[in-house]
């Protein structure tokens, strides 16, 4: 493994962040800076924590700690997606959940 980009989990998280970002731009204008910003940050945090953990992979406990952070960000993102699904009719949301 030469790079974090070789990790399947990173690539999955990266693709999720891209899809969530694009979906968030379909929210009503008044939500772009509230709910939209929050879900964009949580989805990007998943991939960022994986990368940071990879950077500390020499220390197994640190790598695991950042993977736990990534999982927590995933749960936050899922919670945000569920809220958006309840409030707005954006068909991509169900696919992301």
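The values are calculated or read from the model by the stated rules, or taken from the named source; none is laboratory data. These numbers were taken from a predicted model, which means no experiment stands behind them. As a convention, Cβ positions derive from the backbone with ideal geometry for all residues, glycine included, and neighbour counts pool all protein chains shown.
Miscellaneous remarks
- For the stretch 72-82, the condition holds for at least one residue, the condition being that it is more than 30 Å from residue 2 (Cα to Cα), within 15 Å of the chain's Cα centre (by Cα) and in contact (Cβ under 8 Å) with a residue 60 or more places away in the chain.
- Residue 4 in contact (Cβ under 8 Å) with a residue 40 or more places away in the chain and farther than 19 Å from residue 95 by Cβ: yes
- Residue in the stretch 14-60 that is farthest from residue 90 (Cα to Cα), counting only those that are within 9 Å of the chain's Cα centre (by Cα) and in contact (Cβ under 8 Å) with a residue 60 or more places away in the chain: 16
- Set 81, 95: member being modelled with pLDDT under 95 and part of a helix (DSSP H, G or I): 95
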